[in-house]
Amino acid sequence: MLLGPLAVHPDFAKRGAGRGLVRAALAAARDQGHTLVLLVGDEPYYGPLGFRRVDPTRVTLPGPVNPLRVMLAELVPGASLTAYGMAKNWTWG
Ligand SMILES: CC(C)(COP(=O)(O)OP(=O)(O)OC[C@H]1O[C@@H](n2cnc3c(N)ncnc32)[C@H](O)[C@@H]1OP(=O)(O)O)[C@@H](O)C(=O)NCCC(=O)NCCS
């Protein structure tokens with residue numbers, strides 16, 4: 001699953017809504033049987049939520065993207081081991 005874009009209205013910023021949305025999205029994806037969630041974002045924000053940077057030589061996205069901002073969260077341990085190549089071509093269970 002691809003997560004994003006994520007946005008919280010400034011009137012509600014810094015109250016945990018963004019983190020809550022990410023956690024709810026991960027739980028929903030897990031409940032639906034997905035194994036991996038990919039996003040393009042900032043490691044300081046998404047790292048504590050379970051996302052890790054991917055090796056840019058291993059995973060690519062269509063279109064211009066900063067490879068240092070491509071991150072994956074495993075919903076099943078080891079799921080990222082099978083993730084490689086152009087992400088749009090992946091078929092995930
Ligand atoms: C990023 C965003 C969704 C966070 O929403 P939020 O509800 O304010 O976030 P939370 O309340 O869960 O977390 C707030 C904390 O995250 C930090 N944070 C926000 N954006 C961050 C970023 N890009 N990198 C690192 N930390 C970030 C805040 O400084 C704050 O830190 P604090 O708790 O130490 O004060 C919101 O700022 C937003 O809509 N930004 C514009 C759109 C955007 O950049 N989306 C992300 C695209 S990947």
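The values are calculated or read from the model by the stated rules, or taken from the named source; none is laboratory data. Note that this is a predicted model, so its numbers are computed, not measured. Virtual Cβ from ideal backbone geometry, glycine too; neighbours counted across all protein chains shown. Accessible surface areas use protein heavy atoms only, side chains included; no ligands, DNA or RNA. Shrake-Rupley method; radii C 1.70, N 1.55, O 1.52, S 1.80 Å.
In table form, for the structure just shown:
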{"item": "Pairs where the first residue, in segment 42-67, is in contact (Cβ under 8 Å) with a residue 60 or more places away in the chain and under 16 Å from L81 (Cβ atoms) and the second is surrounded by 12 or more Cβ atoms within 10 Å (Cβ to Cβ) and among the small types (G, A, S), C-beta under 9 Å, 6+ apart", "result": "none"}
{"item": "Odd one out for A28 among (1) open to solvent by less than 60 Å² (accessible area, probe 1.4 Å); (2) touching an Asp or Glu at 6+ places or on another chain (Cβ under 9 Å)", "result": "(2)"}
{"item": "Residues of segment 1-43 that turn out to be within 19 Å of G78 (Cβ to Cβ), within 12 Å of the ligand (Cβ to nearest atom) and more than 13 Å from the chain's Cα centre (by Cα), as a count", "result": "0"}
{"item": "Residue ID - surrounded by the most Cβ atoms within 10 Å (Cβ to Cβ), chosen from residues in segment 38-93 that are in a loop (DSSP other than H, G, I, E, B) and among the hydroxyl-bearing types (S, T, Y)", "result": "Y84"}
{"item": "Counted residues, segment 24-37 - those being in a helix (DSSP H, G or I), farther than 24 Å from K14 by Cβ and in contact (Cβ under 8 Å) with a residue 40 or more places away in the chain", "result": "2"}
